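S.K.: One structure coming up, written as structure tokens, with questions to follow.
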Ligand code: NAP
């Protein structure tokens, strides 16, 4: 068997087309969406992530607001910048780019963001709403990578109702919250959350119809762990050697041999990554739609 590709690039392009139409409609109402980023200091990787977010915004017509503070900025300066962006009408989504300088309390700064404008969907208020929202529509920003995984599966017709899902990794950006989305009424998956202290991890993975590997350990998930025909989402990323273009070669958590056993597999790169970026845009547009109502 050769697994079918859970194609994040093509799916993200479709979602971007839909977002363009939604942005156009908002513009007609005088409620255009805007993403603000706050960058503190001059870390090249952070600068490049921020630039990528604004390129994505440009593609779908979301306005970009870029705020930068010097590496010498105090916590008071950062808090003031966040409060200004919380109050700005043209800002419907806000990202405080991490890492912040070590003397600044990053957790406290992230909590300072207005939950309604939380583009990453990781504000404690929004995670709390997700815990409470087992039923019906969730009218709050969603964590981008978990919602990217669910969207990628749904748009490829991979059934989740009644499916056994094994999530590997209990990290904050993926594993910790994805079960909350997958076990909602209407999605109806059954989820096992595993981590580095789970005995016999392979046995848990073998029982799964859907595997979400979110660790950051190169090729951890072996072909003999996978039930034939299972859908496998490779979320984890390990940066390998540098390529001639200055970019790092990326490896996923899933061994390439899994493609011979699985029914579906998301590639690295080109799987969950592009979908995560597009779900951030979705949070920004949904916030503008909420504000317009
Ligand atoms: P994290 O906070 O570092 O969590 C990693 C988790 O993996 C931890 O819960 C850890 O368990 C677990 N783990 C480590 N070794 C393990 C092993 N041998 N067996 C089972 N579990 C093991 O990471 P995260 O923020 O959730 O992100 C996870 C990965 O996804 C990272 O590689 C990140 O770069 C990637 N990611 C990708 C995207 C994307 O767009 N593609 C987006 C977000 C994150 P313990 O808790 O027991 O230590």
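S.K.: Say whether the condition of being within 14 Å of the ligand (Cβ to nearest atom), farther than 11 Å from residue 168 by Cα and free of Cβ contacts under 8 Å to residues at least 60 places away in the same chain is met by at least one residue in region 183-193.
M.R.: So far as region 183-193 goes, no, none of its residues is within 14 Å of the ligand (Cβ to nearest atom), farther than 11 Å from residue 168 by Cα and free of Cβ contacts under 8 Å to residues at least 60 places away in the same chain.
S.K.: Here is a follow-up. State whether the residues of region 151-169 include one that is on the phi < 0 side of the Ramachandran plot, more than 16 Å from the ligand (Cβ to nearest atom), in a helix (DSSP H, G or I) and in contact with a strand residue (DSSP E or B) (Cβ under 8 Å, 6 or more places away or on another chain).
M.R.: No, the conditions are met nowhere in region 151-169.
S.K.: Now a separate question. In region 220-239, what count of residues is obtained for those that are without any contact (Cβ under 8 Å) to a residue 40 or more places away in the chain, within 16 Å of the ligand (Cβ to nearest atom) and in contact with a strand residue (DSSP E or B) (Cβ under 7 Å, 6 or more places away or on another chain)?
M.R.: The number of residues fulfilling the criteria is 5.
S.K.: Got a number for residues in region 240-266 being in contact with a strand residue (DSSP E or B) (Cβ under 6 Å, 6 or more places away or on another chain), within 13 Å of the ligand (Cβ to nearest atom) and in contact (Cβ under 8 Å) with a residue 12 or more places away in the chain?
M.R.: Residues meeting the conditions: 6.
S.K.: Could you list all residues from region 195-214 that are under 25 Å from residue 157 (Cα atoms) and either within 10 Å of the ligand (Cβ to nearest atom) or crowded, with 17+ Cβ neighbours inside 10 Å (or both)?
M.R.: Once the filter is applied, which keeps residues that are under 25 Å from residue 157 (Cα atoms) and either within 10 Å of the ligand (Cβ to nearest atom) or crowded, with 17+ Cβ neighbours inside 10 Å (or both), region 195-214 yields 204, 205, 208, 209, 210, 211, 212, 213, 214.
S.K.: For residue 120, only one of the following conditions fails: (1) more than 24 Å from residue 27 (Cα to Cα); (2) modelled with pLDDT of 95 or more; (3) outside the structural domain of residue 47 (by TED's automatic domain parsing). What is its number?
M.R.: Only one criterion is unmet by residue 120, namely (1).
S.K.: I'd like to check something: does region 151-164 contain any residue that is more than 26 Å from residue 18 (Cα to Cα) and surrounded by 15 or more Cβ atoms within 10 Å (Cβ to Cβ)?
M.R.: Yes, some residue in region 151-164 is more than 26 Å from residue 18 (Cα to Cα) and surrounded by 15 or more Cβ atoms within 10 Å (Cβ to Cβ).
S.K.: Moving on to the next point. If residue 58 satisfies all but one of (1) without any contact (Cβ under 8 Å) to a residue 12 or more places away in the chain; (2) crowded, with 16+ Cβ neighbours inside 10 Å, what's the number of the condition it fails?
M.R.: Unmet for residue 58, out of (1) without any contact (Cβ under 8 Å) to a residue 12 or more places away in the chain; (2) crowded, with 16+ Cβ neighbours inside 10 Å: (2).
The values are calculated or read from the model by the stated rules, or taken from the named source; none is laboratory data. Given the structure is predicted, the values throughout are model-derived calculations rather than measurements. Backbone-built Cβ (ideal geometry, glycine too); neighbour counts: all protein chains shown.
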